[in-house]
Ligand code: AMP
Ligand code: MG
């Protein structure tokens, strides 16, 4: 076997720097976790461990489990809960803040990237507002799996290093048990981190926070006073591209409040999220979202709404007219990003003017037929032109028929496939190359709710192996290997799983 090229790092070797803590207690509350006693390690993500240069073996040590449980801290850690506010369901909710998440500190890896380590579910803080500071096993498994699944799909997201659980009772709609997910992100600063100071009229704090974020994460914005406008533009563009990613993957966040919107354009705070199954553009994945504010097809518009909320918060450090000009670039950036992703999903290497229409018409056919979102896109790679499948092409004909059935077996579906084949005829790429490229962007599996639910039920019964196996598969979503393909299962018939905010 290959020998590791650099010496292995142990937990105790981690060096913490705590830049956010350096901003002062106006931005957070100093708070040590009140952790979970005698917690078990449910699962770890070796790929996330690599982000902080740790071999996965370090994560199974007793010392690590205690850190992940919030019952021990390492030398150099400076734990805190961050302050933020936010617009929840379109309404200013005032002060929120990390009510159950506690950041431990920041590690700079050998590539020079900073990673903040945060425990979600580590007990009450000054921002808990009478809630218990806990997270339940069910929602913690959901966040753990989704974080790592989204990353494997190439979608910017916070990461999950590990999760622990114990038998402590947590009172929600029913009695559940407690867990903690160890999250990693370069920063957990949110749109709401800025909004809270705007609401209080503390504009100097907005500048301090903006300088912190720009210096560390947006150095390309320069040093002058116009750095704030450039920063806002970069955030708007990252947000637009993130929305293009979500719409392309069929991901539904469910609670797009501004306190859940990352200033780095990461998918943040996984609650009642879902991946689209039977395609329904207006699908609402969060059953407490009665108005459908955060329905799938509303997401791009809400991303824009949130950018406006951020613009308002920055109105004292950037000219309002400039903010307005910048926010108007959101739609074109999103359109372009979405079209790029659509071309890749359709296997189109050349750009043609009608490609956008072709993608939209496919989605319309899928919506009419309630096609399985993930499976239908995956099937496109098997489509061949007449020239590529000479003669009657038995296999190609069978693939065409499968896609036709997935599109409801309608005349519209057949007409779309004809158009698609004609479009493919104008592609220069060999079919095999095209198919391989498509199968690297259209996943074989996504985290369907029922798959998460199966793993959750097993963990609730004391068997964490299913969570670990599912994680391993979700890290390779484009693979056809049997241990991945086993999760290529649409939800069984029957009432859908109801996912609420209570977590
Ligand atoms: P979320 O819906 O998880 O994004 O949380 C919204 C706000 O409520 C954030 O300020 C959370 O920290 C806080 N919060 C949610 N659940 C709890 C809890 N169990 N204990 C304390 N604070 C919570
Ligand atoms: Mg949140």
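Every number here is computed from the coordinates shown, using simple stated rules; none is lab data. This is a predicted model, so every value here is computed, not measured. With ideal geometry, Cβ positions are generated from the backbone for all residues, glycine too; neighbour counts draw on all protein chains shown.
Over region 350-442, what number does the Rg to Rh ratio reach, with both radii from the alpha-carbon atoms and Rh per Kirkwood?
Rounded to two decimals, Rg/Rh equals 0.93.
So for region 1-153, averaging the separation of alpha carbon pairs under 8 Å that are six or more residues apart and normalising by length, what relative contact order in percent results? Display every interim value, and only then the final one.
Numbers: 242 pairs, mean separation 35.3, N = 153.
23 percent.
FRET efficiency for residue 72 and residue 415, Cβ-Cβ distance as r, R0 = 51 Å, nearest 0.05?
0.20
Quick check: the distance between the Cα centres of region 304-320 and region 82-129, to the nearest angstrom?
About 22 Å separates the Cα centre of region 304-320 from the one of region 82-129.
Regarding the chain, what is the average projected area of its C-alpha convex hull, in nm²?
25.0 nm²
For region 151-191, how big is the tail of P(r) above 16 Å, as a whole percent of Cα pairs?
Beyond 16 Å sits 56 percent of the P(r) for region 151-191.
If I take every Cα pair under 8 Å that is 6 or more residues apart in region 276-406, average their sequence separation and divide by the length, what percent do I get for the relative contact order? Intermediate results must be reported in sequence, preceding the final value.
Numbers: 83 pairs, mean separation 36.8, N = 131.
This gives 28 percent for region 276-406.
Please list 272-284, 249-261, 138-150 highest first by mean number of surrounding beta-carbon atoms within 10 Å per residue.
The densest-packed peptide leads the list: 138-150, 249-261, 272-284.
Grab the eigenvalues of the alpha-carbon gyration tensor for region 11-188, scale each by 5, take roots, and send me the semi-axes largest first in whole angstrom.
Over the Cα atoms of region 11-188, the semi-axes work out to 23, 20, 17 Å.
Per the Debye formula with a single identical scatterer at each Cα and no solvent contribution, what log10 I(q)/I(0) holds for region 254-298 at q = 0.22, 0.23 Å⁻¹?
The computed values of log10 I(q)/I(0) come out as -0.77, -0.83.
Tell me, how many Å apart are the Cα centres for region 384-413 and for region 433-480?
Value for the Cα centre distance between the two parts: 28 Å.
Computed over the Cα atoms of region 98-171, what is the ratio Rg over Rh, Rh following Kirkwood?
Values: Rg = 14.0 Å, Rh = 13.8 Å.
Radius of gyration over Kirkwood radius for region 98-171 works out to 1.01.
Cα-Cα pairs above 16 Å in region 250-341: how many percent?
That fraction is 60 percent.
Before anything else, pin down the relative contact order of the chain: Cα pairs under 8 Å, at least 6 apart, normalised by residue count, whole percent.
Taking the mean separation of contacting Cα pairs over the length of the chain, I get 14 percent.
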